[in-house]
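Working notes, structure below.
Values in this text are rule-based calculations from the coordinates and carry no lab data. Just so you know, these numbers come straight off a predicted model, no measurement behind them. Using ideal geometry, Cβ is built from the backbone for each residue, glycine included, and neighbour counts are taken over all protein chains shown.
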């Protein structure tokens, strides 16, 4: 970094203090970067971003209250030029697609090395998109898979909480046949053997986390 160059200002949002400290130490070790703030949840991340206007925000997805995806969506709407890097433990292709659609510029896993994190920050600053190799492989393996619709997801979430088809129909104010039809579509799209398998696959791919 030249004497007159300003360091890249980074905000870190993660609900685990040890993880925040580790990422902060990695960033502070780089001569061209500086950590300007930290946040413990998505709501605080949005507030801190408004206050600090960082060059790059590193955001975890799994945080209490306002989660990472919600925070990214809020930041993307309010700050269209925001540079956001997801750093998470979850590689599911559906989750990645949502994060990128909401405004994330990069998607890293928490297994990323110090050099990979620093390289991603510099790449995002240069206007490039970065997706971890493992994540890219997951996306490629499902490249031709159909996404689940909101109606299908509404049924599958209720299946995941143990409800019967009849109870799901009552909750959603639809017929039991409609519930069965949506479940059939879900299992076809996911390649699931049964409803339990469908829930497992949906969670793995990041359609929902509960």
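Does segment 67-164 come out rounded, prolate or oblate by the C-alpha gyration tensor, with a ≥ b ≥ c the root eigenvalues, rounded set by a/c under 1.5 and, if not, prolate when a/b is larger than b/c and oblate if not?
prolate
Please compute the modelled spin-label separation between residue 5 and residue 89, points set 7 Å along Cα→Cβ, answer in nm with one decimal.
The answer from the label model is 3.6 nm.
How would you rank 56-62, 45-51, highest first, on the average number of other Cβ atoms within 10 Å across their residues?
Top to bottom by mean Cβ count within 10 Å: 56-62, 45-51.
Rounded to two decimals, what is the ratio between the C-alpha radius of gyration of segment 8-141 and 2.2 N^0.38 Å?
That ratio works out to 0.93.
For segment 20-59, just say rounded, prolate or oblate: build the C-alpha gyration tensor, square-root its eigenvalues into a ≥ b ≥ c, call rounded for a/c under 1.5, and beyond that prolate if a/b exceeds b/c, oblate if not.
Verdict is oblate for segment 20-59.
In degrees between 0 and 90, to the nearest 10, how far off the longest principal axis of the chain does helix 150-160 point, with axes built from Cα atoms?
80
Sort 85, 18 so the one with the fewest other Cβ atoms within 10 Å of its own Cβ comes first.
Ordered by Cβ neighbours within 10 Å, fewest first: 18, 85.
Using only the alpha-carbon atoms of segment 4-74 as identical scatterers, what base-10 log of I(q)/I(0) does the Debye formula give at q = 0.23, 0.25, 0.26 Å⁻¹?
Taken in order of the listed q values, log10 I(q)/I(0) reads -0.94, -1.07, -1.13.
Please say if segment 122-210 is rounded, prolate or oblate, where rounded means a/c under 1.5 for a ≥ b ≥ c the square roots of the C-alpha gyration tensor eigenvalues, and otherwise the choice is prolate for a/b larger than b/c and oblate otherwise?
Prolate is the answer for segment 122-210, as a/c is 1.5 or above and a/b outweighs b/c.
Order by neighbour count: 163, 16, fewest other Cβ atoms within 10 Å first, most last.
Exposure proxy ranking, most exposed first: 16, 163.
What is the angle, in °, between the Cα long axis of helix 17-28 and the longest principal axis of the Cα atoms in the chain? Nearest 10 is fine, range 0 to 90.
That helix lies at roughly 40 degrees to the long axis.
What angle do you read, to the nearest 10 degrees and between 0 and 90, between the alpha-carbon axis of helix 114-125 and the longest principal axis of the chain?
Around 90 degrees separate the two axes.
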